[in-house]
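Encoded as structure tokens, the structure appears first; notes follow it.
Here, each number is a calculation from the coordinates, and none is a lab measurement. Model, not experiment: these values are computed from the prediction. Virtual Cβ from ideal backbone geometry, glycine too; neighbours counted across all protein chains shown.
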Amino acid sequence: MYNDRSELITRFDYEALDLQQRSIVEQRTREIRERLQHSAQAIWEIGQKLADVRSQLKYGQFEAWLKAEFDWSRRTAYNFINVYEAFNERANLAQIDIATSALYLLAAPSTSQEIRAEFLQRAKEGETITHKKLSQVIKEGKLKASGGIEQLEQSESKDVSIETTKQQIITIIPKEIVEGQKSQAKVSSVDRVSVASVGVSLDNIQSGWHLLDGQHLLFCGDTASREFIEYIPLSALAIAISSEDWDHDWLVERAKRIIIFPESDFEPQKFEQLIEMFSILGDIIVFPWLPRAEMLAIAHKLRRKIIAGEANLDLCRQAIAHSGLTVEKLINSPKVS
């Protein structure tokens, strides 16, 4: 069918989909291509169609489709999807003057609804919204909310120090953090009415939030989505065992310390040492991925409170099984403060 080998390699495998899925995805692909323009309304429309495609594809297929059809990363796609999810109606973005980069920032999960509504209204009134103007207001709001300079320092890349060890572990540590300071964020008690069942069989673990051992939270789903990000409090530590495509920049605003390293460098003893070095008993730590089953068990043993996520259901199940913790399926999103 195709003589060019490069075309064979880069073409998305539509044959792997059933007829209904293939019809929807191919149609959305054509529509997205027609709408590749820089207006806010077009971005919303593309985000809507990307979200539709994402819902049709299994874990890993969405990234393969993005790469094959548009040569996009997940981060690029989520810029569009965030705009669609942040603004309920396409008409809200019609004929407003806002820079594309500012629109992406306005729609980011870490931007408050209050700021989003304010700037949308200002744009409707004719004001030109720039990324610089919006970014400054967001930083000032975070500084006011935190009552000090530390939160502002976390949001400015120029004030973040980066250290690299021999093992190529990159630790991003905000300056002037007081060592041993305990995070004030806590996971509040979970409403037991929202618990569907106790001791769920691992085979029955599906997407959504789960409560482990009555104290840890695990999200089986896309951790770049609002469904996960919006429930992450300011935490003492985040450890991201990364993929090649990093699309979790929001962590810089949700964790006092971030450690990023590839899975090939994972060693249980080293992982345990990092947790003990950069957090204390009772601290909340965040794992945006669970590529290794030992992670939950180690953090639980060290008496940290865990908020973790993983899109791959098999990896979620393996982590739960390895931890030996009881698991409860939550019907509603957890209460986190």
* Pairs beyond 30 Å (Cα-Cα), from Lys67/Lys256; Lys58/Lys301; Lys301/Lys329 -> Lys67/Lys256; Lys58/Lys301
* Least to most buried among Lys139, Lys132, Lys256, Lys329 (fewest other Cβ within 10 Å first) -> Lys132, Lys139, Lys329, Lys256
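Treating only the Cβ atoms of Lys and Arg (+1) and Asp and Glu (-1) as charged, compute the dipole magnitude of the range 227-337 about its Cα centre; round to the nearest 20 debye. Could you put the intermediate results ahead of the total?
Working: 12 positive and 17 negative charges, 130 e Å.
Its charge dipole is roughly 620 debye.
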* Asked: Convex hull over the alpha-carbon atoms of the range 261-337: what's its volume per residue in Å³?
  -> 109
* **Nearest-0.05 FRET efficiency for Asn204 and Leu19, computed from C-beta distance (R0 30 Å)** => 0.55
* Karplus couplings for the range 263-274 from phi (6.51 cos²θ - 1.76 cosθ + 1.60, θ = phi - 60°), rounded to Hz, Gly and Pro as x? -> 4, 4, 9, 6, 9, x, 5, 5, 4, 5, 5, 5
* So how far apart, in nm, are the two label points at Gln273 and Gln121 if each is 7 Å from Cα heading toward Cβ? -> 5.4
